[in-house]
Amino acid sequence: MIKSTLIAQNIHKHFPGVHAVNDVSATFQTGQVVAVIGENGAGKSTLMRIIAGVHQPDSGEILVDEKPVVISSVSEATELGISFIHQELNLADNLSIAANLFLGREAKRFQPFNWIDSAAIDRQSETILSRLSLDLSPHQLVRTLSIGQQQMIEIGKSLSQSARLIIMDEPTSSLTKHETQRLFDLIRELKEQDVGIVYISHRLMEVSEIADRVIVLRDGQNSGELIKPEIEHHRMVSLMVGRESTQFYQLETRSVGEERFRAEDLVVPKLNGDPINFSLKAGEVVGMAGLVGAGRTELAESIFGIRQPISGLIHVDQQSIKTGSPAEAINAGIFLVPEDRRLHGLITEFSVRDNITLPGINHYQTAKFIQREKTELISKQVVNELRIKTPSIEQAASLLSGGNQQKIVLGKWMSLKPKVLLLDEPTRGVDVMSKGEIYQLIDDMAKMGIAILAISSDLEEIIRISDRVLIMHKGNLAGQLDRTQVSEEAIMRLATGTT
């Protein structure tokens, strides 16, 4: 077990075409929250995966209480008291909450028969759910939970392991404000219990609130370190990008055109709400806010045809269109950038080129043969326009940072000339500089006349990019705010059902 200190010393790690971690050293202590920050591709997650036994370093060493250790697997890291909560969820969605919390570590009874003690597992699960302030049954299937609830179950898995060093990679990316504050309360409780927390996040306001120390990485190398009195937004950004950063994306006044999209009396499966009516104009960015579970994603999926609407009509450019499949939505010019890019937005083992060109592959064929020069041209154009950082268009998407993967998901629709773009959490797990680039891209697309619906749990983001905001509450469209009315307080009043 880790008693006091873990030191990663002079760590190097290469991937094809990338020196992901270049001579990085970092120290982590029990009873302390250490934030690790940097732009996408800075090496944060790779370093943490090395410490957690997912990857092995090419060189360098790890010391636990001044003794060198070799962490060659996740199980060895667990034995040392190290737990890694990945940004991408790692749950068996066909199993119950209790089964996920204790998978592979089930309580047993009636030795030597080793029968699973379901009652003991349920009791322990109820204790963990109580600590997480989740009013859920241990028997509930994980696939029935929202993304935010699933993220909290991931945190619960670490609590069930009695870890001494818990690595959290973007733990609040899908959490509501209330869930985030509960997580912070948990982190403070764990710190008092002499547990060390490694907190990886692009949300610098959260880092300022929770971190005792900040380690900054840039281009795979150490960039600097800040202690509590020094943790300020401008200092963190300066170390992340290598220069003072005072310019941030600001919404410009947009020229909004005629109605481009209208949902009329749309009844969405499982929402149990009233029929939904709203419209989007050409060149307009409409934000959609609401608490986790309010039905925002379900609405977007119904518009895109993943879920079959129970009733209602969808109009694009005043023409009623048939709904019920993504193919029909795409033919009408409606495109979706999904919340979980790795699961639903990318084929991660495919190359950058293949991911960008796959949706429009029919446009790059002659007599059923793919014209490689055409796919090369369009993919290079998207990479250049969106400033995707990749050694080559043939690089596997899985080897790129989260921000660059998100740009691919956005870019693959660009050549297909969308009329309506549905963005579900467009900057989830994206660093501060990549966020600005994505905001600028959204603005550029709006100026091209695309109608954009941007769903986000980040209220600052909603306020920053939206011409107006729609707010959902328990499956219903609770209200609308124009730009002069928008504030975090006004959004939260509607999102919580307060009139």
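Eigenvalues of the alpha-carbon gyration tensor of segment 375-496, scaled by 5 and square-rooted, set the equivalent ellipsoid semi-axes at 30, 15, 12 angstrom, largest first. Loop-located GluC sites (Glu not before Pro) in segment 301-379 (DSSP state not H, G, I, E or B) with no more than 12 neighbouring Cβ atoms inside 10 Å: 349.
Sum -39500 (n - 2.57) across every DSSP H segment of at least 4 residues in the chain, then divide by the residue count to get the 222 nm mean residue ellipticity, nearest 500. The helix contribution divided over the chain gives -9000 deg cm²/dmol. Residue ranges 85-94, 231-240 sort as 231-240, 85-94 when ordered by packing (mean number of other C-beta atoms within 10 Å per residue, highest first).
Each eigenvalue of the Cα gyration tensor of segment 1-61, multiplied by 5 and square-rooted, gives one semi-axis; in descending order these are 21, 13, 9 Å. When both segment 28-59 and segment 377-445 are represented by their alpha-carbon centers, they are found 25 Å apart.
When you filter the GluC sites (Glu not before Pro) in segment 166-217 for DSSP loop state and at most 11 other Cβ atoms inside 10 Å of their Cβ, nothing is left.
Name the longest site-free stretch of the chain, where the excluded sites are chymotrypsin sites (Phe, Trp or Tyr not before Pro) in a DSSP loop with no more than 10 other beta-carbon atoms within 10 Å.
114-499
If one computes the Cα centroid of segment 271-292 and of segment 192-226, what distance in Å separates the two points? Here the answer is 36 Å between Cα centres. Residues in segment 261-278 carry Karplus couplings, in order, of 9, 9, 9, 10, 6, 7, 10, 9, x, 6, 7, 6, x, 6, x, 9, 10, 6 Hz; the curve used is 6.51 cos²θ - 1.76 cosθ + 1.60 with θ = phi - 60°, and Gly or Pro positions show x.
Using the Kirkwood formula over every pair of different C-alpha atoms, what hydrodynamic radius in Å results for segment 140-241?
With all distinct Cα pairs of segment 140-241 included, I get 14.8 Å.
Based on alpha-carbon atoms, the Kirkwood radius and the radius of gyration of segment 5-241 give Rg/Rh equal to 0.98. For segment 293-336, the share of alpha carbon pairs falling in successive 10 Å distance bins from zero is 31, 58, 11, 0 percent. What the Cβ-Cβ distance of residue 127 and residue 371 gives, at R0 = 45 Å and to the nearest 0.05, is a FRET efficiency of 0.15. In order along segment 25-38, the Karplus-derived 3J(HN,Hα) couplings, from 6.51 cos²θ - 1.76 cosθ + 1.60 at θ = phi - 60°, round to 10, 7, 10, 10, 10, 5, x, 9, 9, 10, 8, 10, 10, x Hz, and Gly and Pro are given as x. Normalising the Debye intensity of segment 259-495 to I(0), with uniform scatterers on Cα atoms only, and taking log10 at q = 0.14 Å⁻¹ returns -0.89. Hydrodynamic radius of the chain by the Kirkwood approach over all distinct alpha-carbon pairs: 24.1 Å.
Read the figures in this text as sums done on the coordinates, not as results from a lab. Fair warning: this is a prediction, and the values are worked out from it, not measured in the lab. When we count neighbours, we look across all protein chains shown, and the Cβ atoms used for this are built from the backbone with ideal geometry, even at glycine.
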